[in-house]
1. What relative contact order, as a whole-number percentage, does the stretch 9-137 give when Cα pairs under 8 Å and 6 or more residues apart are counted?
2. Mean separation of Cα pairs under 8 Å and 6+ residues apart, divided by the residue count of the stretch 65-156: what relative contact order is that in percent?
Amino acid sequence: MTTALAVGLAAGPASAQAGPPSEAGVQPLEFLGTPDLVCPPGEMVTGLSVPPEDLTFPVNIPNDGSGVVTVDVTDTAQGEIFSFSIEGDIAATQVTAVGGTNANVYMYNATTGFPGGIAADAQLHAPLGQGPDGSQYEDLIRIDFCFKPSPYNGNG
């Protein structure tokens, strides 16, 4: 696993093939190309890239918070989807599902109704593009997370 301190959002232009929203109702934005791990500017955030597989890993933001993140990847008829949950005093502010040659970015901020980030979400996926008519999700290559300190822990 690689940890990086994020500095800004740099991605390609959005297109219309992102697919449906997550379980929390966040509509992904598709970015063309395979973006580097980059988190939103203006916050103390820690970014982390993980392989697209079931795993549990610790996250520590020096002097600001820590938590344990669980990722579950599921194969469906539509393609790979995943969920995540966080225990501790951190929250996700952005999750990027890299698949195929593009990526879906899920933003958890005031614009999407989550000013403190989010502690869990499900039914996240890479952009559409697989299958004869392009209606299935691309296979996941990696999942990028951006975290920030938060008292929100998903329990209220």
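1. On the way: 269 pairs, mean separation 33.4, N = 129.
Answer for the stretch 9-137 is 26 percent.
2. Values: 226 pairs, mean separation 32.4, N = 92.
The normalised contact order for the stretch 65-156 reaches 35 percent.
The numbers here are math on the coordinates, done by the rules we state, and not lab data. Remember, predicted model here, so these are calculated numbers, not experimental data.
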